[in-house]
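Report on the structure given below.
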Amino acid sequence: MIVELGHYALVLALATALIVSILPMIGARRGDVALMTLGTTGSIALFLLVALSFGALTWAYVVSDFSVNNVWENSHSMMPLIYKYSGVWGNHEGSMMLWLLILTLFSALVAVFGRNLPETLKANVLGVQAWIASAFLFFILLTSNPFLRLNPAPAEGQDLNPVLQDLGLAVHPPLLYLGYVGFSVCFSFAVAALIEGRIDAAWARWVRPWTLAAWTFLTAGIAMGSYWAYYELGWGGWWFWDPVENASFMPWLAGTALLHSALVMEKREALKIWTVLLAIMTFSLSLLGTFLVRSGVLTSVHSFATDPTRGIFILCILALFIGGAFSLFAWRAPMLKAGGLFAPISREGGLVLNNLILTVATATVLTGTLYPLVLETLTGEKISVGAPFFNMTFGLLMLPLLIAVPFGPMLAWKRGDLLGALQRIYVFAALALAAGFVFAYLKGGGPILSIFGLALGFWGMFGAIADLWYRGNFGKLKFSVAFRRLAGLPRSAFGTAIAHFGLGVTVLGIFAATTFGTETVVDMKQGATVNAGGYQVTFDGMKDAAGPNYTEQRAHFTVREGGAVISDVWSSKRLYTARRMPTTEAGILTMALSQLYVSLGDPIDGGGMVVRIWWKPFILCIWGGALVMMFGGFVSLSDRRLRVGAPNRKAKAVKAAKPVMEPAE
Amino acid sequence: MMLWILLAFLTAAVAAALLIPLLRGNAIAAGEGHASGHAGDIEVYRDQLKEIERDREQGLIEAEQAEYARAEVGRRLLAAAALKDGEVQAGSTRRKHGLATAIVTILPPAIGLCLYIMLGSPGLPDQPLEARLAAPGNDIALLVTKAERHLAENPSDGAGWDLLGPIYMRMQRPGDAELAYRNAIRLIGPSAARLTGLGEALMTLSDGVITEDARTSFEAALKLEPDDTRARFYVALGLEQAGKAPEALAAFEDIAKNSPADAPWMPLLSQHIAKNGGAPLAAAAPENGSGAGRAPGGPSQEDVAAAENLSQGDRQQMIRGMVDSLAARLKEEPNNLDGWLRLVRSYAVLGEKDKAGEALNQGLVQFSADANGKSQLLALAGEVGLTAQVQNPAEGAKQ
């Protein structure tokens, strides 16, 4: 009965979503408060219904109700409890339910906390959110219904895909979806503004925190996904430019651009139309990612089951929302009032540069991802666009952006002084370059380009410190005074510096791991020792073991440095009995920020195994940097003040003798 | 009944929640003026002015900068105020919401009931596994799950594993059967029945081919019980599959000599003797055996017993049956890559090249959009020596 109640709640949610997508918008056109308020109560009711439904599905998973087809296909009664919970979204139907749950949650949050929003704007935003919810409810109910039943019920489930039986499944999809779906709110705000034909000051106040929240979650979600793929798949890599990865990376790039342009809009009321366009683009890319992954166009661990009707359905949703939003933009955008003016060299100008590069980078990734698909559809020819393409194009594009990042926060609003910024920051640039050389020297040298890469990472980190240094004005004022100034800075200023610092950490990790990492592939017999990354790794032998729903062969390795034992590593090959599916569990030894990664290959004739050992120096910086960025996002998000960018005076008014003071965030 | 009451209650609650704003709407409209767009703007700009003042007091911006900022925000504030004055005060008129009320009252139950009756299974109760295990009734699958639970907690219960082995075989779960037999042998020692069972499981796993492992197992069974007819039959079958016809013939004839003349497996033996170049047994003409002349009225007690014996002797026949049912199942649910792979391999092992080729092509058509599936099918085709008539040449698919 609980399952059926959940199913009915989902159907009822569709009815509610349809009502909320029509009546409040009519109310907004007519100025009818009652109909507009319907959007608020309706959105809350919608969320409660979807939550009830999601709860019923979760309950079916936890008690192993195999009369529910979805549970039977993706669960097993002997699975540890945490995987029974996370298994709910470890499949196509359930992951769409999670998508919907987060979407309606965000609608409800806008409904509850949007009291200070203009009524019409709020009604329109909730209406657009309800359109998206309706489309996905139709999609779930008609093509991916998780509540379909089996009679008679089987006695045991078919188990969750072993690759997904990992803590990563509990973390990665919810974070990623919080990001993807968070951008739906920005999209709804953009479409609502286009429908109204004007952008309120409150619009900007609302879009930035939502963008920031979505961006923060998406950053964490992508980083967790990357780390999960790194340790679970046993390939030793952390990013493969796989289309599915790109599908999540494109909204992130566009979202990063949106984050920065929303900043300009909130503080300076400039770049309004561009922000609206970016908001539409970002969510469109999220939808496109969902389409690519869910429709079976791409084959990967994410594309659980393929079904052509689903693909066509998602394609229709995609055409409707993306096509509709862009048409609306083409029609209404000219009516929007363009915002304030600014000089090319200014904080705004820096952010425009950021936006330009990020948008072009997004387009590059989009091309590299879609080109093989389009080519195959048109000519049947199969090509694969791999890492070399992306490293050349995307990498080259990122270079000027990374160099420019520390300059941005140094420039004043409206009219900036590039020379002044250069004068102040060149010390830090020199420090970064020196740090790059010292780092490479300590690691035994490396190609000159990599040294500059390392310096680029340090540049990002030092630039962020320089930003805070000059805001506190440490060089000029007494330390205690400067410190008080620093402490008085708004939290969003710290958020910016922390996030930019994190970016530098990630860049440093990427260059360090690729320059100084080693890969060793050897046939090892019991007792054999091999040198990898300055460590001696001894293969001590294999042992059989069993887990709750798998059996495994574990290999034991002892790691020595200069003859002294420093640690040991278990690396194993598992066989999940229900699906008879093998997986590899890499043995990873973490030493500070570096990792020794031991992965088992196939057994070789005459006893022994093929063993792959990677030495990954500073690899944790890559994800650690992303976590720092996420932390920066939260710090900035906790700053709920109104934000005004005070413009700088005209250049001629600047007296040379007087130190230029930085405006506050 | 309880379910319907709950559904009705839920529907009513949603409709009521949506009706409240409509019923209270007039009161709100008459009572308070709501924040229109421009009024909201004015509020935001006022807050911004306060913020600039605070920044200046904390010394975060200079007085001059603050002045510029104040002037800028002030200009926006004036513009917004001018626009607001020009606005018509909306929402002050009383409105009727007849149509909206109707929609809100009718739509939830209408859509809810129509779609739910179409998609839902209102008659089906929840079936949590624990509750079902507490009262398993005659459901073999549930009893097996119970036994599995018991064995997961007491993995050294050899008798339990021994019991489960043959049941798994009958449920067509040879992989689990292999594990069960191996555990039983490890825990309570080998017996002819267990070793033969293990051999059968291994053979079924490799689609009817008597592998090295399976042969070793049958031979070990014969060491314990040299007269075990089943084990001897499989060893002979292994010789036949290895292409050693004279040895196979001798082995089959030896089994026939030591069996009673009316044993149910005689027709099968006769077939294999003939296949390996011997003279068919006089005692058992093939048409007596494999059930061609059986009445369709349903099996008698005797028939069942005979079939039981026969199936012990005649794995090949059983495999045929399994292959046919697999083919039939794939016709209904063609989206099963493993099934197609197994079907192609089975036909190839049975020596039916035409059917294997046919299955291969059907599989390729089914997975024409799936690069991974297609390449697996083509790899298998190469392995068993088939050439597919592929319609499109995109086989260099990457995994």
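The values are calculated or read from the model by the stated rules, or taken from the named source; none is laboratory data. Not measured: the values here are computed from a predicted model. Cβ sites come from the backbone with ideal geometry, for glycine too, and all protein chains shown count toward neighbours. Side chains included, ligands, DNA and RNA excluded: accessible areas come from the protein's heavy atoms. Shrake-Rupley method; radii C 1.70, N 1.55, O 1.52, S 1.80 Å.
Identify, among A:Tyr85, B:Pro174, A:Leu38, the residue whose Cα sits farthest towards the positive end of the charge dipole of the protein assembly as shown, taking +1 on the Cβ of Lys and Arg and -1 on the Cβ of Asp and Glu, with the dipole about the Cα centre.
Of A:Tyr85, B:Pro174, A:Leu38, it is A:Leu38.
If packing is taken as the mean number of other Cβ atoms within 10 Å per residue, what is the order of A:140-150, A:502-512, A:445-455, highest first? The partial results should precede the final answer.
Values: A:140-150: 21.1, A:502-512: 24.9, A:445-455: 17.5.
Going by the mean number of other Cβ atoms within 10 Å, highest first, we get A:502-512, A:140-150, A:445-455.
Would you mind giving the mean number of other chain beta-carbons within 10 Å of the Cβ of each residue in A:482-488, as a whole number? Working shown, then result.
Numbers: counts 0, 0, 2, 3, 0, 0, 4.
If you average over the peptide's residues, the count of other-chain Cβ atoms is 1.
Based on the alpha-carbon gyration tensor of the range A:516-648, what equivalent-ellipsoid semi-axes (square roots of 5 times the eigenvalues) come out, in whole Å, largest first? Working shown, then result.
Details: eigenvalues 332, 89, 26 Å².
Those come to 41, 21, 12 Å.
Between A and B, buried accessible area summed over both sides at probe 1.4 Å, in Å² to the nearest 100?
Working: alone 27610 and 24910 Å², together 45690 Å².
Counting both chains, the buried surface is close to 6800 Å².
With runs of 4+ DSSP H residues as the only contributors, calculate the mean residue ellipticity of the protein assembly as shown at 222 nm using -39,500 (n - 2.57) per run, divided by the residue total and rounded to the nearest 500. Working shown, then result.
Working: 38 runs with 689 residues, N = 1064.
About -22000 deg cm²/dmol.
Would you be so kind as to identify which of B:Ile111, B:Ser121, B:Gly189 lies farthest towards the positive end of the dipole of the range B:77-227, taking Lys and Arg as +1 and Asp and Glu as -1 on Cβ and the Cα centre as origin?
Result: B:Ile111, furthest along the dipole toward the positive end.
Which percent of the accessible heavy-atom area of the range A:473-554 goes to carbon and sulfur, probe 1.4 angstrom? Don't skip to the end; give the middle numbers.
On the way: 2250 of 4010 Å².
That fraction is 56 percent.
In peptide A:140-150, what is the residue-averaged number of other protein chain Cβ atoms found within 10 Å of each Cβ?
So the per-residue partner count for this stretch is 2.
Name the aspartates and glutamates eligible as straight-distance cross-link partners of A:Lys478: C-alpha to C-alpha under 15 Å, and not fewer than 8 places from it in the same chain.
Filter leaves no residues.
Rolling a 1.4 angstrom probe over the protein heavy atoms, how many square angstrom per residue are accessible across the range A:518-616?
Numbers: 4610 Å² over 99 residues.
With all protein chains present, the range A:518-616 gives 47 Å² per residue.
Can you pull the percent of Cα pairs in chain A with separation above 48 Å?
Numbers: 44309 of 220780 pairs.
The proportion of pairs with Cα distances above 48 Å equals 20 percent.
Let me cross-check B:Asp126: its accessible surface, 1.4 Å probe, with only protein heavy atoms counted, in Å² to the nearest 10?
Its accessible surface works out to 40 Å², give or take rounding.
What is the distance in Å between the Cα centres of the range A:448-486 and the range A:149-194?
Spelled out, the Cα-based centre of one part sits 40 Å from the other.
Taking the alpha-carbon centroid of each part, what is the distance from the range B:330-387 to the range A:37-111 in angstrom?
The distance from the Cα centre of the range B:330-387 to that of the range A:37-111 comes to 37 Å.
Partner chain Cβ atoms within 10 Å, averaged over the residues of A:65-77 - can you pull that number for me? Walk me through the intermediate numbers first.
Details: counts 8, 6, 8, 4, 0, 0, 1, 0, 0, 0, 1, 0, 7.
Taking all residues of A:65-77 together, the mean is 3.
Ordering B:Lys275, A:Lys525 from largest to smallest accessible area (1.4 angstrom probe), what's the sequence? Show your work: numbers first, answer last.
Details: B:Lys275 145, A:Lys525 110 Å².
If we order B:Lys275, A:Lys525 from most to least accessible, we get B:Lys275, A:Lys525.
Aspartates and glutamates within cross-link reach of A:Lys443: Cα-Cα under 20 Å, excluding same-chain residues under 8 positions apart?
Reachable aspartates and glutamates: A:Glu519, A:Glu561.
Order the peptides A:208-217, B:252-261 from the highest to the lowest mean number of other Cβ atoms within 10 Å of their residues. Walk me through the numbers on the way to the answer.
Details: A:208-217: 25.0, B:252-261: 15.4.
Put in order of decreasing packing, that is A:208-217, B:252-261.
Using a simple charge model, +1 on the beta-carbon of Lys and Arg, -1 on the beta-carbon of Asp and Glu, nothing else, what dipole does the range A:194-250 show about its Cα centre, in debye to the nearest 20? Can you show the working numbers first?
Working: 3 positive and 5 negative charges, 61 e Å.
The dipole of the range A:194-250 has a size of about 300 debye.
Sorted by average packing, counted as other Cβ atoms within 10 angstrom per residue and highest first, what order do A:581-590, B:329-338, A:83-92, B:195-204 take?
On the way: A:581-590: 17.9, B:329-338: 12.6, A:83-92: 23.4, B:195-204: 25.4.
Result, highest mean Cβ count within 10 Å first: B:195-204, A:83-92, A:581-590, B:329-338.
Distance cut-off 18 Å, Cα to Cα: go down the list A:Lys267/B:Lys50; A:Lys84/A:Lys573; B:Lys275/B:Lys355 and report the pairs above it.
On the way: A:Lys267/B:Lys50 14 Å; A:Lys84/A:Lys573 23 Å; B:Lys275/B:Lys355 21 Å.
Cα-Cα > 18 Å for A:Lys84/A:Lys573; B:Lys275/B:Lys355; rest within.
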